[in-house]
Every structure is written in C-alpha cells, then in structure tokens.
Amino acid sequence: MPGNLPMTVTLETGQPAPSPHGAPGDDGRARHFPVATSDLERIASAVLDAARRGGATAAETEVSQGIGQSVTVRQSEVETIAYNRDKGISVTVYVGQRRGNASTADFSDDAIVAAVGKALVIAKYTAMDSAAGLADPDRLARAWPDLDLYHPWELPVEAAIDLGREAEAAALAVDPRITNSEGATVARSESEFVYANSNGFAGGYRSSRHHIDCAVIGEEDDAMQRDYWFTAARAASDLESATAVGRKAGERTVRRLRGRQLGTLECPVIFEAPEAADLIGFFVQAVSGGSLYRKSSFLLDSLGTQVFSPHIQLREEPHILRGRGSTPFDSEGVATVTRDVVRDGIVQGYFLGSYSARKLGMQTTGNGGGSHNLVLGHGTDDLAALLRKMGRGLLVTEQLGQGVNAVTGDFSRGAAGFWIEDGAIAYPVEEITIAGNLRDMFRDIVAVGSDVDRRGSRHTGSIMVGRMTVAGR
C-alpha cells in the first residue's frame, strides 16, 4: 500500500467553504474511511509477522484510522472549518522481558518493517522488567456484543454552519446583557481500530462521537461573565437541539452576572453534576494501578475498606449501548465485565491493566487503557430538591485549576457558583476557593442527585458534601 500521513485541513474565515461531501482534494470521499477494515486487519497481521521475523518473543499492535469535520461559527460568521483524516500504527514488541514501542502514520510495507525494527532496537536497550508482557491468554475476549457505538452523521458543511448559527443565535437571544460570543462549534467524528497480539487475539470496531457546544459572554455594571453548554453523543439523534444548547449557554451565563465573593466559612457544598464527575475521577486515579504500585496514592491498600459514605454504590458498566466509555475489551484485548467498584461505601476493586496487576501481585481487571462507564448510584432528589435539603450552603458550577494532591488527598480548587439560602439560589458567587481532603469528602457525601449527566463516561448526579471550607475575602 502507498504511504499515508495524517491530514488536517483548516480553513479560516473569509475562505470559500469546500464541497459538503468532503475536504478539498479528497475526491468527495471524506465520509468514508480511507482504509478498508480488511486492510487494517491485514496490516495488523503484517506487523506481528515482521515482529516475529525480527526476533520478538511477543508483540502487539493497534492499527487505527479516523475522520472528522468541525465547524466553528462566531458572530454569525464562519470562523473555522476543519477536516481530519488520520491513520496510525502502534507496535509494541517484547524480547524476553524487555519492551520496545514505535509508531508510524505510514501504512506502506517498508514503513511497517522500519517501525518494527525501531521497536526491537528500543527493546534491546531497555531494562528487564518481570511485569512486562502481553495480557494472559485466558483473560482475552473471544466473543463480544455489538454495543451500537457507530453512527455516522451525514452532515454537509453548510448544515453544520446553520446549526452553529442556530445555537449562537439562541444564546444571544436569551438576554440583552449577553453582549459577545466565543462561538458555537458543531463537530462529527468517526474512528476505527484493529488490535492484535501474538497470543492469538485480533479484534476491533468502529465508533462515532458528535457534539455541539456554545459559549457566550454577558456584561453588567462593567463586569463580564462567561459560561457555556454542550451536548455530545454517539448518534446525532441523541444530541440536544442546537437551539436548546444555545439557550442553556445563554441562561447559564446570565445567571452568573453580578457575582459576589464570600467570607471564609465552613458549609455544605453541592457539586453540580458535570462538576461532580471530577470527584469520581479523583477516586479512579487514586485506585488505579499506576498510582498504587508507585505508592503515590492516598488510597493505598484501600481494597475492602470503607472509603465512601455507606449509601454510596459505584459500578463499572462497560457494555452500555452507545455509552461514551463502552467497550467489549480493553486496550490489551482483555474482556470487560460489569462489576461493583464500590458497594455500600466499601472499595470492591481497583482499576488494573496487566502490567500494574503484575506489579501488585494481582489480576488485571480489564482496565488496560482506563475505566469504562462508571455509574454512581443516586436517590430520587433532583438538583432543586438537593438545594432544599441543604438549606444553606454553596452550589459549585465551575472549578478552576488543579489543586489536588494525589498522594495526600488534599483538595483546594478555585470555584464559582451560587450561594444558597432557604433552599434556593440567593446570588452568584465568584473568586472563591473550596478546600478539604478527599478522604473526608468521600466519607461525607450526604446525597447524590437524580440529575445524572450521561454525556461522558462518568454518570453521576449532583453530589452534596456535608462540610467543606470556603475561602473568599
């Protein structure tokens, strides 16, 4: 096959829009993958053959491709149109327990041989590692379900521009105090991969992800505020309308105007659902293999211990149809399974790939490459009911900066949101810091709301923490 390099074409405002059928110079074929699935499979097999001939005792490879289109509109004008067509090969070889990795975007036979050769050279100079190697053969997926992950969006560029204008117009129409726009983006993307290893595994699938987002700026009394909203899904039919996205972006911006600071105090804090997903992310990081075997986690040896409030349930559900984090097997070909990660507040399992599992003397949990669709159990109270339950405290709708120490669990982040009095929003707040320790915060989760955000791979409603320090003036 001829060599191929990744291609991204970006057109700035004022340049003519290309044909809706594809990027310039692609003969109208941008809606189709550049390489047939059978060719991806053939290339994967060729990589493994080259590794074996070169002296590798084991090898694995991922051959992938992706296509996409993104349109950004600002002040009703087209700001950018971007197309991408990407392809790549990643190969990892093992010579005994020495490991080497290389990659290439060229699918030619010569490039495959060269990439494998570089990986073998790297392996020659790396140290022996008793944990290195492919996933155990008995853990590999042998059959898997169709998780309904691939839904191409036949979206001509003119239609994408119209949707962007629709979202932005809806945001600007919310209130005359919205005086500026950061733009609206409409994007579609599709990808495909084949993973194969020398233990006999070969598999892959196609997937898609599309989104619409909008961000606007409001102004009052010489002070400005910005907020945004977005929708994302595997299938375009599951997206919110462009008008709804824009309207929410406008409403969220306007409600932040005339923000105040707070004095330093301790109070309950509710993390709005999109922000609550960060708390789940910090937990995942703390009980993931890399943090555990490096002993750089505040939750070392937490398996079987009470980490959360007793009413907290967290499940990993990798087989949700159309789920953002759905996959039948992990990045090593290990079959994924539905499991309890936290039950009644007690940690039931870590997130381990084969390497970290061996370092810890444990078994892989099918999390090579990360977690898959974490679902936090919730009650029947929506956000409004949670506010009433809290009575007086802080609702956090935005967090700023890192401010989390993974070793100690200390948590301190900039934040913005709303002060709550008598169970209702009293006024917006800004330029504050919220602080605590994740150990205490996890144990002090009072409730999880029913307003579950499913746009990402962590499905959680708003989370109420009983007490945190809030610092302002």
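So that you can scan it fast, the table gives a plain yes or no per residue for (1) under 30 Å from GLU166 (Cβ atoms); (2) of a type in the set (A, V, I, L, M); (3) in the same structural domain as HIS210 (by TED's automatic domain parsing); (4) in contact with a strand residue (DSSP E or B) (Cβ under 9 Å, 6 or more places away or on another chain):
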position: VAL35; (1), (2), (3), (4): no, yes, yes, yes
position: ILE43; (1), (2), (3), (4): no, yes, yes, yes
position: GLU62; (1), (2), (3), (4): no, no, yes, yes
position: ILE89; (1), (2), (3), (4): no, yes, yes, yes
position: SER130; (1), (2), (3), (4): no, no, yes, no
- What residue, among those in the stretch 414-444 that are out of contact with any helix residue (DSSP H, G or I) (no Cβ under 8 Å at 6 or more places or on another chain) and under 20 Å from PHE308 (Cβ atoms), is surrounded by the most Cβ atoms within 10 Å (Cβ to Cβ)? ILE434
- Note on the structure: All-but-one check, TYR228 against (1) closer than 25 Å to GLY403 by Cβ; (2) touching a Gly at 6+ places or on another chain (Cβ under 7 Å); (3) of a type outside the set (Asp, Glu); (4) crowded, with 16+ Cβ neighbours inside 10 Å, failing number (2)
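Matching residues to (1) touching a Phe, Trp or Tyr at 6+ places or on another chain (Cβ under 7 Å); (2) modelled with pLDDT of 95 or more; (3) within 21 Å of ARG42 (Cβ to Cβ); (4) of a type in the set (A, V, I, L, M):
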site: ALA105; (1), (2), (3), (4): no, yes, yes, yes
site: SER108; (1), (2), (3), (4): no, yes, yes, no
site: ALA111; (1), (2), (3), (4): no, yes, yes, yes
site: VAL116; (1), (2), (3), (4): no, yes, yes, yes
site: ALA131; (1), (2), (3), (4): yes, yes, no, yes
site: ARG142; (1), (2), (3), (4): no, no, no, no
site: LEU149; (1), (2), (3), (4): yes, yes, no, yes
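Specify the residue that is surrounded by the most Cβ atoms within 10 Å (Cβ to Cβ); the eligible residues are those in the stretch 97-135 that are basic (Lys, Arg) and under 27 Å from GLN65 (Cβ atoms).
In this case the residue turns out to be ARG99.
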- Which residue out of ALA159, ALA223 is over 30 Å from VAL334 (Cα atoms), surrounded by fewer than 18 Cβ atoms within 10 Å (Cβ to Cβ), over 27 Å from the mean Cα position of the chain (by Cα) and among the aliphatic types (A, V, I, L, M)? ALA223
- Considering (1) at negative phi; (2) crowded, with 17+ Cβ neighbours inside 10 Å; (3) in contact with a Lys or Arg (Cβ under 8 Å, 6 or more places away or on another chain), say which one PRO318 fails and leave the rest. (3)
- Within the stretch 440-465, the residues that are within 22 Å of ALA232 (Cβ to Cβ) and among the charged types (D, E, K, R) are ASP451, ASP453, ARG454, ARG455, ARG458
- Residue list for the stretch 229-253, filter: under 17 Å from GLU272 (Cα atoms) and either of a type in the set (A, V, I, L, M, F, W, C) or without any contact (Cβ under 8 Å) to a residue 60 or more places away in the chain (or both): TRP229, PHE230, LYS248, ALA249
- In the stretch 231-310, which helices (runs of 4 or more DSSP H) lie fully inside it and hold 1 or more residues that are not assigned by TED's automatic domain parsing to the domain that holds VAL407? 242-254
- Task: Take the stretch 62-78 and flag every residue that is over 30 Å from PHE201 (Cβ atoms) and surrounded by 17 or more Cβ atoms within 10 Å (Cβ to Cβ).
- Result: GLN69, SER70, VAL71, THR72, VAL73, ARG74, VAL78
- Select from the stretch 379-413 the residues that are under 12 Å from VAL269 (Cβ atoms) and basic (Lys, Arg) and write down the one among them that is surrounded by the fewest Cβ atoms within 10 Å (Cβ to Cβ). ARG392
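The values are calculated or read from the model by the stated rules, or taken from the named source; none is laboratory data. Predicted model only: the values in this text are computed from it and were never measured. FYI the Cβ positions are ideal-geometry reconstructions off the backbone, even for glycines, and counts take in every protein chain you see.
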